[in-house]
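Only one structure is covered here, and it is reproduced in the block below.
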Amino acid sequence: MILAAGRGERMRPLTDETPKALLRAGGRTLIEHHLENLRRAGVEDVVINHAHLGHRIEAAVGDGGRYALRIHYSPEPVALETAGGIANALPILGQGAFLVVNADVYCDLEFSGLLARAAPRLQPSPGTLAYLVLVDNPDHHADGDFALHGDEVLATGGARLTFSGIGIYRSELFGGIPRGQKARLGALLKTAADAGRVRGEHYRGRWCDVGTPERLARLDRELATGA
């Protein structure tokens, strides 16, 4: 699932007429970078949620045929926050585990390897509900979100890292959220981490939270020059 429902207030005026997912860096839209990564990983079906200017996302991406994917849309009349958007899409996502990525991040982590590493930890018997990709803290989020002890994600204690916006979740994590209700992912993950049910990894490659026009411009320059 690609999360593309955010309004992008900090990206204005760029997002007044263009949804964040369709902003361009390195010659491609942000969402195209994810779609191509998912295709390389062997994924066949992708759910995209949207709210603000969602019709433009559907017009740009279509049914996914050009990416050798099947695209399913989960429209939201009002953005439901991250966990609410995922819960709303569960009838399409189905049971079991699925990968979720924020449309407004860029990361050169190959999803194929991530899926292979996470799969053994997300079987029903260990009781793990989520597998998170954590990254070094950027300047704009210096305090981080979670600590990592081995592969166990901790809500408190230890040196903290930043959640990248990329995770693999079991559907049970969202089972208590009614469809159409707003809900944030952070609190849900912290509760699960406190219960010892979250695993993860520290990724040290290129990652960018494309949250401002300045960060988008910097990422575009880096991708264009190969820096």
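For a paramagnetic label modelled at 7 Å from the Cα of residue 92 toward its Cβ, which residues of the stretch 162-184 fall within the zone defined by backbone nitrogen distances under 12 Å?
No residue qualifies, since no backbone N sits under 12 Å from the label point.
Could you compute the FRET efficiency for residue 7 and residue 181, with r as their C-beta to C-beta distance and R0 at 22 Å, rounded to 0.05?
Taking R0 as 22 Å, the efficiency between residue 7 and residue 181 is 0.75.
Work out the charge dipole of the chain with +1 on the Cβ of Lys and Arg and -1 on the Cβ of Asp and Glu about the Cα centre, then indicate which of 51, 33, 126 is farthest towards its positive end.
The residue sitting most towards the positive pole is 126.
Under a plain spin-label model, where a point goes 7 Å from the Cα along Cα-to-Cβ, how far apart in nm are residue 68 and residue 225?
Here the modelled spin labels are 3.4 nm apart.
Once R0 is set to 30 Å, what does the formula 1/(1 + (r/R0)^6) return for the Cβ-Cβ distance between residue 140 and residue 78, expressed as a FRET efficiency to the nearest 0.05?
On the way: r = 27 Å, r/R0 = 0.89.
The pair residue 140/residue 78 has a calculated efficiency of 0.65.
Over the chain, what is the relative contact order in whole percent, taking alpha-carbon pairs under 8 Å and six or more residues apart?
26
Under the classification rounded if a/c is under 1.5, otherwise prolate if a/b is larger than b/c and oblate if not, where does the stretch 72-227 fall, given a ≥ b ≥ c as square roots of the Cα gyration tensor eigenvalues?
The shape class here is oblate.
Every read-out reported here was derived from the displayed coordinates using simple, explicitly stated rules and does not represent laboratory data. Values in this document were obtained by computation on a predicted structure and should not be read as measured data. FYI the Cβ positions are ideal-geometry reconstructions off the backbone, even for glycines, and counts take in every protein chain you see.
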